[in-house]
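Note sheet for the following structure.
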């Protein structure tokens, strides 16, 4: 499959890294020759220098023979014009565009045929929705949904006082008293696929597959029941903060936003009249303390600087804030990040990358493609959902008889809405939904790829 990527910023480069590793034929278009030179040296890609919205540039990039174009420049207008241009040159091409401005959200959807858009993505809005979901179950570091929201893979840290510390997984049910499956463990920055003899220890991050209906029971039996989030402090007044405040206001949450840019504060005050907008530098301990940090249920750091987000989150942790969520754009050194007391980590570009990769794989495999793809364990494993169809092998055969590829787990089967955490005697049939976790680095395009 031939893919054009217009723009090589943070989202663009993450897509290039992921898609080139999966063997797709990539051409990157950007106006910066130094950036293109660096990408050509690092990845197996072609590079074209020029204006992404120009017909001549797109012709030079081979748009007539391309299957997909991803417009990820820093300008919504250029992304929309780019989509229109390539669709005019090649009506059969699929187009994906980043649209970040809230003013364009409804327009991009209602006029998608005019713009030639197959899919629009908004990193900031996706991040806000993810944060809102995390706040509903504060004990979870991360939540990924499958089976139309009926199944989740949640991330939990094993602390020193955890009921699961020094417990082998074979004893898990006696403690949690509900059917769940630990599908991956992150230990010392490395992902492990555990078996029943694996013993959990302090500092581990575990990834637990469970029916959504069991999450409250899971938390209760682990002694992790938390109070409803009522007061939130948000550091940084960017787009994620705007979208998140919209989500939280519907739940009656008291919100304080701290932003150092005066003009941005005035703008936020006009469009978010129910939020408390504070003009000031969140790097000042005295400011965030005076604004009621000690009374907050959650601190969410959303500035454009990773270092500031980490520092403020660490201070909030030392101050005893029950819930910390930190936005990070650079996740290169997972081991260092994992050792920091900064709560849950949200990466807008990673969320969007997951969405786009799922779309690309579905294009290549129209039948049998994953309907959901989530990166877990600091990107070292993937959780994928597939629908069993007439081409799926081994229907009706007990799982204990199947030979799966190394580091592949079947972690959930949904049959007519009924959720099953599978055992050796479990089977799947046509129409069922299956969630699998792959931690071996192999790319799983179709469900049959999991079998030896």
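The values are calculated or read from the model by the stated rules, or taken from the named source; none is laboratory data. Predicted model, so just to flag it, every value in this text is computed and none were measured. In this analysis, Cβ positions are derived from the backbone assuming ideal geometry, glycine residues included, and neighbour counts consider all displayed protein chains.
Tabulated values for the structure
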{"quantity": "Strands (runs of 3 or more DSSP E) within the range 167-274 that include 1 or more residues at pLDDT 95 or above", "calculated": "181-187, 205-211, 231-235, 254-259"}
{"quantity": "Residue list for the range 150-166, restricted to those being in contact with a helix residue (DSSP H, G or I) (Cβ under 6 Å, 6 or more places away or on another chain) and either more than 21 Å from residue 221 (Cβ to Cβ) or assigned to a strand (DSSP E or B) (or both)", "calculated": "152"}
{"quantity": "Lone qualifier among 175, 153 - being surrounded by 16 or more Cβ atoms within 10 Å (Cβ to Cβ) and not assigned by TED's automatic domain parsing to the domain that holds residue 432", "calculated": "153"}
{"quantity": "Test result for residue 26, at pLDDT 95 or above, touching a strand residue (DSSP E or B) at 6+ places or on another chain (Cβ under 9 Å) and closer than 27 Å to residue 445 by Cα", "calculated": "yes"}
{"quantity": "Residue 57 at pLDDT 95 or above and either more than 17 Å from residue 2 (Cα to Cα) or within 28 Å of the chain's Cα centre (by Cα) (or both)", "calculated": "no"}
{"quantity": "Elements of type helices (runs of 4 or more DSSP H) contained in the range 59-143, each with 1 or more residues being touching a strand residue (DSSP E or B) at 6+ places or on another chain (Cβ under 6 Å)", "calculated": "76-89, 105-110, 123-136"}
{"quantity": "Residue in the range 290-305 that is without any contact (Cβ under 8 Å) to a residue 24 or more places away in the chain, over 21 Å from residue 339 (Cβ atoms) and in a helix (DSSP H, G or I) present", "calculated": "yes"}
{"quantity": "Residues (exposed (fewer than 14 other Cβ atoms within 10 Å of the Cβ) and either touching a residue at least 24 places away in the same chain (Cβ under 8 Å) or assigned to a loop (DSSP other than H, G, I, E, B) (or both)) located in the range 306-339", "calculated": "320, 330, 332, 333, 335, 339"}
{"quantity": "Test: residue in the range 266-281 that is closer than 18 Å to residue 340 by Cβ and touching a residue at least 24 places away in the same chain (Cβ under 8 Å)", "calculated": "no"}
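The rows are residues; the columns are (1) touching a helix residue (DSSP H, G or I) at 6+ places or on another chain (Cβ under 7 Å); (2) on the phi > 0 side of the Ramachandran plot; (3) not assigned by TED's automatic domain parsing to the domain that holds residue 418.
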residue	(1), (2), (3)
198	yes, no, yes
210	yes, no, yes
236	no, yes, yes
245	no, no, yes
249	no, no, yes
255	yes, no, yes
